[in-house]
Each structure stands twice: as structure tokens, then as C-alpha cells.
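> This structure is in C-alpha cells; I'll ask about it shortly.
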Amino acid sequence: MRFLDHFSGRSDLYAEARPKYPEPLFRFVADHAPDKRHVWDCATGNGQAAIALAGHFDLVSASDASSDQIENAVKHARIQYSVQPAEATVYAQGAFDAVCVSQALHWFDIPLFFQEVRRVTTPGGLFVAWGYDWFQITPEIDSAFDQCLRQVIKDDWAAQNALLWNGYRDVYIPFEPIEAPELKIETDWSLYQLLAYVQTWSSVKRCTNRIGDQFMDDAALTLAQLWGDPEVEKPIIMPLHIRAGRIRI
């Protein structure tokens, strides 16, 4: 199988710029897992979710197909990192009480991945996938961002992103559904932080390779006129899409 690696090369920037998930998300995972012994954070990236899960589980196995991501992941005594694909791992059968996927389900060979989830999860175990897409700042900034950036890069997104944008509603999850809470990422960013985050987008990288990076400079100037002092932080909201299920063997 072919691993679609959109995020190696600047994993250090990726780790610094990505927003943090809300703590109630991880309490939801812990509360619905049959035990808090062992959890798999699949496609861990920089280890952001793994670190949070380590506050609730005895052991976190965090894997990613990108060695570059794993090299930049945050280390923790209860996290075991490894480089391996989501669809075919070396984990033992029934090893996990819960399996989590943050911001990555749309990149997998999904039917093969769910076969692997069923294999490595204990009966009655928990599956949770989540992700976020667009942010909200103010109506004026949101509109300007759409015009000067989203419209410019709209043809540079990988097709898989559409699954995330639709809240994973088009993904068939073969487990007993569990109602997930409505949660959102809330943070405060300066304009510099926002632009650093945007530059981690795979579509921005493709667009830069296609036409150069002048569009990012133009967007920064446009947004700065509405933002004011670029070092001033503004509230950023990113609604989360969450799908959860109970794994019945």
C-alpha cells in the first residue's frame, strides 16, 4: 500500500503551529473506554493527542507512518512511539482498550484500517476519530481570509480532505455508534501564529510549488489591515468533528 505523506519535511513547524485539543475530548475517551490500561493513538503526528491521552491511560502506543513526524514528537514516560502504517501494525490482537485518530482518518485506506482496529482492540473497546477544518475569528477577517487564501488554494487540496470537511459523515464506521459531545478548539493567536498554522497546510505547500509564495505575502498584508497589530492575539474557534463507536467482536 502507498502511504500518502503530506506532512514530512517540516514536521518541526507542524508541531509548533498546530492548535491544541480541548481536555473534555480526552475525558470523553477515558470515560467510554472499558479500561484505562492501554490506548492506541494512530497517526500521532507530533504526539499532541498522545500527550493528552497519557494523562488518562497507563500506556499510550502512538504510531505514525512518517518517521519525520515521530522524530519531532513530544516524549513522555507513558508514550511508546513507533513508525508503522495505520492499516498494518505489529500490535498484538486485543491489545487496546481504545483507539484514537486525530485529524488523520481521511488519509487512510479506511476499510483496511477498520479491520486492523477490530483486530487490535479488546471486545467492547472504544474507537474515536476527530478532526477540524475551518476556523472562525471575526466575520470581516473570515471573509477576507476566504477571498485571499482559501479561494487561491482551493484546487490544491487532496481529494481526501472532503471527507473531513463533511464531518466524516460519509465514512462508514462499522462499530456500534456512541453519541459524541459537541466540542470546539478555542485558543488565542496572533496573526503570526495564524499564518504559521496555515503554512502547515498541504494545500499551501502545493500551491507554493505551483505558483510561488507571493500569494502568502499578499494574504498577510490583506489580513494585517483588518487585524491591526499582528502581535495582538485574537480568539480563534475551530469546531470539532467527532465520530465514536463501540467495537463489538
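None of the figures in this text is laboratory data; all of them are computed from the coordinates on show. Predicted, not measured: the structure shown is a model, and the values here were computed from it. Here the Cβ positions follow ideal geometry from the backbone for every residue, glycine too, while neighbour counts run over all protein chains shown.
> Can you list, largest first and rounded to whole Å, the semi-axes you get for the range 149-249 by taking the square root of 5 times each eigenvalue of its Cα gyration tensor?
On the way: eigenvalues 217, 77, 15 Å².
So the three semi-axes of the range 149-249 are 33, 20, 9 Å.
> Starting from the range 142-205, pick out the GluC sites (Glu not before Pro) whose DSSP state is loop and whose Cβ has at most 13 other Cβ atoms within 10 Å. Intermediate values should be presented prior to the final figure.
Numbers: sites: Glu179, Glu182, Glu186; in loops: Glu179, Glu182.
Taking the range 142-205 and a limit of 13 other Cβ atoms within 10 Å, the loop GluC sites (Glu not before Pro) found are Glu179, Glu182.
> Let me ask you something else. With each run of n ≥ 4 DSSP H residues scored as -39500 (n - 2.57), what mean residue ellipticity at 222 nm is computed for the chain after dividing by its residue count and rounding to the nearest 500 deg cm²/dmol?
Numbers: 10 runs with 83 residues, N = 249.
It comes out at -9000 deg cm²/dmol, rounded to the nearest 500.
> Highest mean first, how do 35-44, 227-236 rank when packing is the count of other Cβ atoms within 10 Å averaged over residues?
On the way: 35-44: 24.3, 227-236: 13.3.
Taking the mean over residues of other Cβ atoms within 10 Å, the ranking is 35-44, 227-236.
> List every residue whose amide H lies under 5 Å from the amide H of Ile236, counting only residues 5 or more places away in sequence or on a different chain, with H placed 1.01 Å from N in the peptide plane.
So Ile236 has HN proximity to Thr187, Asp188, Trp189.
> Another question, if that's okay. Using alpha carbon centroids, what distance separates the range 91-117 and the range 25-77, in Å?
Using only Cα atoms, the two centres lie 13 Å from each other.
> Give me log10 I(q)/I(0) at q = 0.09, 0.14, 0.17 Å⁻¹ for the chain, Debye formula, one equal scatterer per alpha-carbon, no solvent.
Debye intensities relative to I(0), on a log10 scale: -0.40, -0.95, -1.33.
> Moving on to the next point. Looking at the range 127-223, which chymotrypsin sites (Phe, Trp or Tyr not before Pro) are in a loop (DSSP not H, G, I, E or B) and have at most 13 other Cβ atoms within 10 Å?
On the way: sites: Phe127, Trp130, Tyr132, Trp134, Phe135, Phe145, Trp157, Trp165, Tyr168, Tyr172, Phe175, Trp189, Tyr192, Tyr197, Trp201, Phe215; in loops: Trp134, Phe135, Trp157, Tyr168, Tyr172, Phe175, Trp201.
Here the chymotrypsin sites (Phe, Trp or Tyr not before Pro) that fit, given the DSSP loop and packing criteria, are Trp134, Tyr172.
> Which is farthest toward the positive dipole end of the chain among Trp107, Met216, Trp165, measuring Cα position about the Cα centre, with Cβ charges +1 (Lys, Arg) and -1 (Asp, Glu)?
My answer, from the dipole projection, is Trp107.
> With unit charges on the beta carbon (Lys/Arg positive, Asp/Glu negative), name the residue among Trp227, Ala77, Ile137 whose Cα is farthest towards the positive pole of the charge dipole of the chain.
Farthest along the dipole direction, towards plus: Ala77.
> Charges at C-beta only: +1 for Lys and Arg, -1 for Asp and Glu. How large is the resulting dipole of the chain about its Cα centre, in Debye rounded to 20?
Numbers: 22 positive and 33 negative charges, 170 e Å.
I would put it at about 820 debye.
> Based on DSSP, what percent of beta bridges with both residues in the chain are antiparallel, to the nearest 5? All intermediate terms of the calculation are to be shown ahead of the outcome.
Working: 18 of 38 bridges.
Once the DSSP bridges in the chain are tallied, antiparallel ones form about 45 percent.
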